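Have a look at the structure below before the remarks.
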Amino acid sequence: MDSIHANRFSQSMEVSTLYAYYGVLLTERQREALRLHYYEDWSLAEVAEYFGVTRQSVHELIIRSSQKLERYEKLIGSITLTKRISEQLHVASEELENAKKLTSGMPIHYIHQALEHIQQAIDDIDGRE
């Protein structure tokens, strides 16, 4: 993947994550433009034709909508918090795995339970089932 495509993919993933958290706070038009461009992979020209506006108008709408999502994250911080919690849970899980290897007897039951709860939290945060 060349650097232009890698950058586009990275930007698309960032906007998609922001959209998943804060898309509901956008107007219907903003949501639709982002959805068509990033999720459906429509070109700016295709989105412009769909809306009956110029390519430049769509470009500006997408930029403004993306910036709005970024501002929501700066104000609310849900993505940052989720990532931090996920990282902490991963570390705790690793520490419990190490403790499980070193411990025998009754306490190991509690370690297993804790590991199960932590892993479920990690899976929930990471979007796995």
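Observations
- Taking the number of Cβ atoms within 10 Å of each Cβ as an exposure proxy, the fewest-first ranking of LEU89, LEU81 is LEU81, LEU89.
- Global geometry of the stretch 3-76, whether rounded, prolate or oblate, following the gyration tensor of its Cα atoms and the 1.5 cut on a/c: oblate
- Which of VAL58, GLN88, SER43, positive extreme of dipole for the chain (C-beta unit charges): VAL58
- Positive-end extreme of charge dipole, the stretch 79-126 - chosen from ILE108, ILE79, GLN119 (charges on Cβ): ILE108
- Between VAL91 and ARG64, residue separation times 0.36 nm minus the direct Cα-Cα distance comes to 6.0 nm.
- Overall, the stretch 11-129 carries a charge dipole of about 400 debye about its Cα centre when +1 sits on the Cβ of Lys and Arg and -1 on the Cβ of Asp and Glu, all other atoms neutral.
- Helix-only [θ]222 nm of the chain, DSSP H runs n ≥ 4, -39500 (n - 2.57) each, per residue, nearest 500: -26500 deg cm²/dmol
Since every read-out is calculated from the coordinates, none of them should be taken as a lab result. What you are looking at is a predicted structure, and each value in this text was computed from that prediction instead of being measured. Note that each Cβ is placed from the backbone with ideal geometry, even for glycine, and that neighbours are counted across all protein chains shown.
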